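Nothing in this text is a laboratory measurement; each read-out follows from the coordinates by a stated rule. Only a predicted model underlies this, so the values are computations on that prediction, with no experimental measurement involved. Don't worry about glycine lacking a Cβ; one is built from the backbone with ideal geometry, like all the others, and counts go over all protein chains shown.
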Amino acid sequence: MMLRIRSYRPKISARSTVAVLGLFCLGGCASQVEVDAEFPRPLIEQLPLTVGIVLDETLTEYEHHEDIPEQITWTIRLGAANRVMLEQLLGTLFMTVPVDAIPTADSQSEHDGVIKPELERFEFEVPVRGRDNFAEVWMQYRLKLYEPDGDLIVDWPVSGYGKSEIMRDREGSLNEAAVVALREVGAAIATQFPSQPEVEYWLRERQNQVQVADSSFLIPTEDTGLVNEDSTTGTNDD
């Protein structure tokens with residue numbers, strides 16, 4: 001028999017300790033997992049753009065809670081892992097600045113753009129009995145990139161899957177499966193997000209703006225090909 005968890009309910013939690021606990025209670029078993037991981041820094045060249053990053057409490061305090069009557073209660077905390085992964089990853093792709101909200105036409109951003117990541121779906125499976133001896137995790141994020149005036153550039157879904165054999169306990173194996181899924185998400189963002197057509201267009205547009213701003217707009221002449229901005233035109237003195 002497999003437990004298939006398909007729904008989630010984000011919940012704000014003030015706890016910051018990292019723990020994987022198995023608790024027994026009346027009517028069944030309660031399991032708590034706080035996903036803890038380190039993520040390798042991608043070997044990519046940072047893009048010369050400054051981007052604001054919105055990481056709200058829905059993401060950084062994310063908690064999945066599911067009650068299975070007369071069987072088990074799962075509480076899985078992903079908030080700390082979300083923050084670590086996304087801050088490191090987006091800080092490798094761009095020069096990043098934390099911001100509180102998405103810009104609007106009346107409250108425009110001073111940065112080249114603003115990114116707001118969201119965790120859209122979270123599912124997992126753990127065996128209760130039978131021959132299947134693996135914990136599995138699937139999650140889907142969305143990266144939303146905005147113009148400085150708040151116009152949406154791209155709303156990009158990215159998924160990750162993780163699987164871990166259950167050796168000692170289900171909680172530890174579920175933690176490992178979640179870490180694998182998070183790392184898959186991070187690798188996809190690093191390699192695929194900059195190549196999305198809407199993102200490529202935005203990057204080219206910003207690059208062109210920088211080139212125009214840096215140009216001296218010199219006027220060509222016959223002798224040198226260039227003339228200073230304070231040069232004057234007129235008839236020869238001869």
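With R₀ set to 30 Å, the beta-carbon distance separating E110 from S159 gives a calculated FRET efficiency near 0.35.
By the gyration tensor of its Cα atoms, with a ≥ b ≥ c the square roots of the eigenvalues, what is the shape of the range 60-173: rounded for a/c under 1.5, prolate for a/b over b/c, or oblate?
Values: a/c = 3.06, a/b = 2.60, b/c = 1.17.
Prolate is the answer for the range 60-173, as a/c is 1.5 or above and a/b outweighs b/c.
The phi-based Karplus calculation (6.51 cos²θ - 1.76 cosθ + 1.60; θ = phi - 60°) puts the 3J(HN,Hα) values of the range 56-63 at 8, 5, 4, 8, 7, 10, 4, 9 Hz, whole numbers, x for Gly and Pro.
Using 1/(1 + (r/R0)^6) with R0 = 45 angstrom and r between the beta carbons of C29 and Q209, what's the FRET efficiency to the nearest 0.05? Display every interim value, and only then the final one.
Working: r = 58 Å, r/R0 = 1.29.
E(calc), rounded to 0.05, equals 0.20.
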